[in-house]
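K.L.:
The structure follows.
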Amino acid sequence: MHLHKTPAHVVASCQPSLPHSQSRGSGLSRVGVNSLKCLKMDGSGTDSDGRVFKNAEEMWREEVGDGDPFKKDEWYSQGVGYWQGVEATVDGVLGGYGHVNEPDIKGSEEFLNSLLTERFPDAGRGRRLVALDCGSGIGRITKNLLIRYFNEVDLLEPVAHFLDTARRNLAPENLMVTEDYKAVNFFCVPLQEFTPEAGRYDVIWVQWCIGHLSDDDFVSFFKRAKSGLKPGGLFVFKENIARSGFVLDKQDKSITRSDLYFKQLFNQCGLHIYKMKDQKGFPDELFAVKMYALTTELPKRVSSSRSKKRRINRPAIIK
């Protein structure tokens, strides 16, 4: 997971503000060889050195090449390498902004509670719930949130010393929950190489890690991950948001995308936005952060006959 400050040079054009203190994400490594597929974004972007790119395609071709396995491997290995040099603490994984842990968990818990209430009978009570924590780092989100709601949580993290710390943090003797709630599997695998067990998860939580994936690997990951959801399951996606276009962090090899950029990617993944919410209570110098609940099916709407009579109650698409 990671936090990033808004680079001073992008305040005017495409300023983001997120918990990526412009130097943290969750690491990744190796990837399959595919020709470069990226969005034809209208907006321009910048990098942390102040360079301006006319579009995302120009940036990705420079960073990961076009079907060049060595260049793409280098992108991912540099990302993991950055996090291998970061201490396995809350302050470390949050880029020196450990104090945002509390408002982050509070915002996420409110969002999760609303989803459980709306999506699962009796808010999921009486049923064994299973979650996957992607880019889990030291298990911060699992320990402070997921383990209190899900009977089983699996952790996915490519940085070995983060995952070792997560194992210790989530040992039964270090948890304040009953034995019915536990961390089960610890996968030391990068997102772009991971395929979940089919139909295992009620919720797949993806926070502050997806910025390390190129556009084509972003889409491939979610297409594979969809198979890991139970019927009615969903993704919770929480990320830093650029005001427009994108911002490339040259240091940790990650990209902060705009809301529009994400929505175009969700569409390519075949995912639908069920609900969105802005994170509150973060320092002004950080990128904005947004939470998305994503489903594989279109959000249900009221029947057509009823909607004609009571249009005021018709659910609106969030834009």
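K.L.:
Output the residue which, of all residues in region 286-300 that are farther than 19 Å from Ile255 by Cβ and outside any strand (DSSP E or B), is most open to solvent (accessible area, probe 1.4 Å).
P.N.:
Here the residue is Lys300.
K.L.:
Just to be sure, is Asp133 assigned to a strand (DSSP E or B), open to solvent by less than 10 Å² (accessible area, probe 1.4 Å) and modelled with pLDDT of 95 or more?
P.N.:
Against the criterion (assigned to a strand (DSSP E or B), open to solvent by less than 10 Å² (accessible area, probe 1.4 Å) and modelled with pLDDT of 95 or more), Asp133 qualifies.
K.L.:
Report, by residue number, each residue of region 241-281 that is open to solvent by 50 Å² or more (accessible area, probe 1.4 Å) and in contact (Cβ under 8 Å) with a residue 24 or more places away in the chain.
P.N.:
Arg243, Lys250, Gln251, Leu260, Gln264, Gln268, His272, Tyr274, Lys277, Lys280, Gly281
K.L.:
Output the residue which, of all residues in region 289-311 that are of a type outside the set (D, E, K, R) and out of contact with any helix residue (DSSP H, G or I) (no Cβ under 9 Å at 6 or more places or on another chain), is modelled with the highest pLDDT.
P.N.:
So the residue we want is Leu298.
K.L.:
Could you please tell me which pairs satisfy a Cβ distance under 6 Å, a separation of 6+ or placement on different chains, a first residue in region 197-211 that is at positive phi, and a second residue that is of a type outside the set (A, V, I, L, M) and surrounded by fewer than 23 Cβ atoms within 10 Å (Cβ to Cβ)?
P.N.:
From residues that are at positive phi, the pairs are Gly199/Lys230.
K.L.:
Considering only region 150-185, state which residues are outside any helix (DSSP H, G or I), more than 18 Å from the chain's Cα centre (by Cα) and modelled with pLDDT of 95 or more.
P.N.:
Phe150, Asn151, Glu152, Leu170, Ala171, Tyr181, Lys182, Ala183, Val184, Asn185
K.L.:
Which numbered condition trips up Ala225, out of (1) open to solvent by less than 10 Å² (accessible area, probe 1.4 Å); (2) aliphatic (A, V, I, L, M); (3) in a strand (DSSP E or B)?
P.N.:
The number of the failed condition is (3).
K.L.:
Only one of (1) at pLDDT 95 or above; (2) touching a Ser or Thr at 6+ places or on another chain (Cβ under 6 Å); (3) of a type outside the set (A, V, I, L, M, F, W, C) is not met by Arg314, so which one is it?
P.N.:
Only one criterion is unmet by Arg314, namely (1).
K.L.:
Which condition number does Ile141 fail, the rest of (1) among the hydrophobic types (A, V, I, L, M, F, W, C); (2) in contact (Cβ under 8 Å) with a residue 40 or more places away in the chain; (3) farther than 24 Å from Glu87 by Cα being met?
P.N.:
(3)
K.L.:
Shifting gears a bit: Which residue, of Lys250, Lys226, Lys238, Lys263, is charged (D, E, K, R) and in contact with a Leu (Cβ under 9 Å, 6 or more places away or on another chain)?
P.N.:
One residue alone meets the criteria, Lys226.
K.L.:
Something else about it: Please list, ordered by residue number, the helices (runs of 4 or more DSSP H) wholly in region 36-121 having 3 or more residues that are open to solvent by 20 Å² or more (accessible area, probe 1.4 Å).
P.N.:
56-64, 69-84, 101-119
The values are calculated or read from the model by the stated rules, or taken from the named source; none is laboratory data. From a predicted model like this one, the values you see are computed outputs, not experimental measurements. Backbone-built Cβ (ideal geometry, glycine too); neighbour counts: all protein chains shown. The area values use the complete protein model at the heavy-atom level, side chains included, leaving out ligands, DNA and RNA. Shrake-Rupley method; radii C 1.70, N 1.55, O 1.52, S 1.80 Å.
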